[in-house]
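The structure appears right after this line, and notes come after that.
The values are calculated or read from the model by the stated rules, or taken from the named source; none is laboratory data. Please read all numbers here as calculations on a predicted model, not as lab measurements. Don't worry about glycine lacking a Cβ; one is built from the backbone with ideal geometry, like all the others, and counts go over all protein chains shown.
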Amino acid sequence: MNIALIAHDDKKSSIIGFAIAYKHILEKHTLYATGTTGKLISDETGLAIHRFQSGPIGGDQQIGALIATNDMDMVIFFRDPLTAQPHEPDVSALMRLCDVFQIPLATNLASAELFIHGLERGDFHWRNVIKTKKDREG
Ligand SMILES: O=C(CO)COP(=O)(O)O
C-alpha cells in the first residue's frame, strides 16, 4: 500500500511517536510524506520515505496529484485545528481529493490508530482490488 504521512508543526511529535510505535507495520508499505514530516520521521525511525516538498510550498499538492491518479491508498494527516495555515487551500484540496477518490483519510491520532490496526488486519485490501482493476482497464 502507498501511504502518505503528513503532520502540521504542532502535531509533528505526535506523528513521530505514531511512526515509532507502528514502525513494524509501516515498514511493510511504501511511505510518502511532505518534506519536513518525512525528514523527521525517517531521522527518528530509519523508515524509508519518499519525501515531497514541504507542505506550505506544494507538498500537499504533490500528494494530491497521486490521489488524483488513484495511486495513494491511505492518507494519515495529523492536522492542527487550532493554528491558521498559510496554505489552507492546499490542505482543503488534499482532503477534498480524498473524498473524490474514496481514499481513507485519518486526520488525528485516534483515527490513525484504527487505520493502522485495520491495515495490519487486511481491512484495506479492497484498495488492491481497485488498483488491479484500474491497471487492467488502463
Ligand atoms: O504543512 C504541512 C501539511 O499541510 C506539512 O508540511 P511539512 O511536513 O513540510 O511540515
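If you go through the stretch 81-96 one residue at a time, do you hit one that is within 13 Å of the ligand (Cβ to nearest atom) and under 24 Å from residue 120 (Cβ atoms)?
Checking the stretch 81-96: not a single residue is within 13 Å of the ligand (Cβ to nearest atom) and under 24 Å from residue 120 (Cβ atoms).
Name the residue, out of 85, 102, that is without any contact (Cβ under 8 Å) to a residue 12 or more places away in the chain, out of contact with any strand residue (DSSP E or B) (no Cβ under 6 Å at 6 or more places or on another chain) and in a loop (DSSP other than H, G, I, E, B).
102
In the stretch 64-79, the residues that are within 14 Å of the ligand (Cβ to nearest atom) form Cβ pairs under 8 Å with partners that are in a helix (DSSP H, G or I) and of a type in the set (Asp, Glu), at six or more places apart or across chains, as follows: 64/90. Of all residues being part of a strand (DSSP E or B) and near the ligand (Cβ under 9 Å from one of its atoms) in the stretch 14-63, which is nearest to residue 114 (Cα to Cα)? Just the residue, please. Only one residue tops the list, namely 33.
This table checks each residue for (1) at pLDDT 95 or above; (2) within 22 Å of residue 21 (Cβ to Cβ); (3) under 12 Å from the mean Cα position of the chain (by Cα); (4) among the β-branched types (Val, Ile, Thr).
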position: 49; (1), (2), (3), (4): yes, yes, yes, yes
position: 57; (1), (2), (3), (4): yes, no, no, yes
position: 65; (1), (2), (3), (4): yes, no, no, no
position: 73; (1), (2), (3), (4): yes, yes, yes, no
position: 76; (1), (2), (3), (4): yes, yes, yes, yes
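Taken residue by residue, the stretch 105-113 has no member that is at negative phi, within 12 Å of the ligand (Cβ to nearest atom) and of a type outside the set (Ser, Thr, Tyr).
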